[in-house]
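Chemist: Sharing a structure below in structure tokens format, with a few things to ask.
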């Protein structure tokens, strides 16, 4: 029974990623004025339908916390699962505090208005950095564990994911890739990595 319960906790990490992207893909096309090239997906939490994205952040974060517990029980280590838990906590915080409006979104916002960093927006940004920063470090922590277990291929893949995510974010911030697209790909990679790690430990 305990093994079955733990498998359910690990599946929560996979379910979180599927849920996150299933809803965000719909919202990207359903929300008037939203442009994935200009707007980060967290901006979907703004406006009349913003509650949908808030729910996505919070529910996904709670599922990630469940997955972190499953990883802790299965892996028998603390550092990696704790970092995954911080990722989940960051997602919950991002859902509780709104991203700053700007760049024409939500509708009614001036197209040339830069995001206004209110106290709520600052907390949202900190939550974003907490979530992605923790998951990036987790990639390397799990890579180290896989390398010690002589699974060199999986270790290399985990490390590459940890390298690719910050590179994508930096490219988006520098304008090398459209900002929203870069952040979206980085988020997709994060969810794929987490689902892969969860399934490996199941």
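Chemist: Need the failing condition index for residue 91 against (1) buried (at least 19 other Cβ atoms within 10 Å of the Cβ); (2) farther than 21 Å from residue 192 by Cβ; (3) at pLDDT 95 or above, just the number.
Modeler: (2)
Chemist: OK, next. Given the conditions (1) buried (at least 16 other Cβ atoms within 10 Å of the Cβ); (2) modelled with pLDDT under 95; (3) closer than 21 Å to residue 105 by Cα, report the number of the one that residue 32 does not fulfil.
Modeler: Result: residue 32 passes all but (1).
Chemist: Can you list the helices (runs of 4 or more DSSP H) lying wholly within region 90-202 that have 1 or more residues being under 25 Å from residue 51 (Cα atoms), out of contact with any helix residue (DSSP H, G or I) (no Cβ under 6 Å at 6 or more places or on another chain) and touching a residue at least 12 places away in the same chain (Cβ under 8 Å)?
Modeler: Numbers: elements: 119-148, 152-174, 179-201.
Output list reads 119-148, 179-201.
Chemist: Across region 52-80, what is the number of residues that are over 20 Å from residue 126 (Cα atoms), surrounded by fewer than 23 Cβ atoms within 10 Å (Cβ to Cβ) and modelled with pLDDT of 90 or more? Before the answer, list the steps.
Modeler: Step one: of region 52-80, the residues over 20 Å from residue 126 (Cα atoms) are 52, 63, 66-80.
Right, trim to surrounded by fewer than 23 Cβ atoms within 10 Å (Cβ to Cβ) and you get 52, 66, 69, 72-79.
Remaining after also requiring modelled with pLDDT of 90 or more: 52, 66, 69, 72, 79.
So the answer is 5.
Chemist: I would also like to ask the following. Could you please let me know if residue 181 is surrounded by fewer than 19 Cβ atoms within 10 Å (Cβ to Cβ), farther than 30 Å from residue 70 by Cβ and modelled with pLDDT of 90 or more? Working first, answer last.
Modeler: Details: surrounded by fewer than 19 Cβ atoms within 10 Å (Cβ to Cβ): yes; farther than 30 Å from residue 70 by Cβ: yes; modelled with pLDDT of 90 or more: yes.
Criteria met by residue 181.
Chemist: State all residues of region 1-59 that are in contact with a strand residue (DSSP E or B) (Cβ under 7 Å, 6 or more places away or on another chain) and assigned to a helix (DSSP H, G or I); if no residue qualifies, say none.
Modeler: 43
Chemist: Right, here's the next one. Taking residue 19 as meeting all but one of (1) surrounded by fewer than 18 Cβ atoms within 10 Å (Cβ to Cβ); (2) closer than 23 Å to residue 122 by Cβ; (3) touching a helix residue (DSSP H, G or I) at 6+ places or on another chain (Cβ under 7 Å), write down the number of the exception.
Modeler: Result: residue 19 fails condition (2) only.
The values are calculated or read from the model by the stated rules, or taken from the named source; none is laboratory data. Keep in mind it's a predicted model, so treat the numbers as computed, not measured. Please note: Cβ atoms are built from the backbone with ideal geometry, for glycine as well, and neighbour counts cover all protein chains shown.
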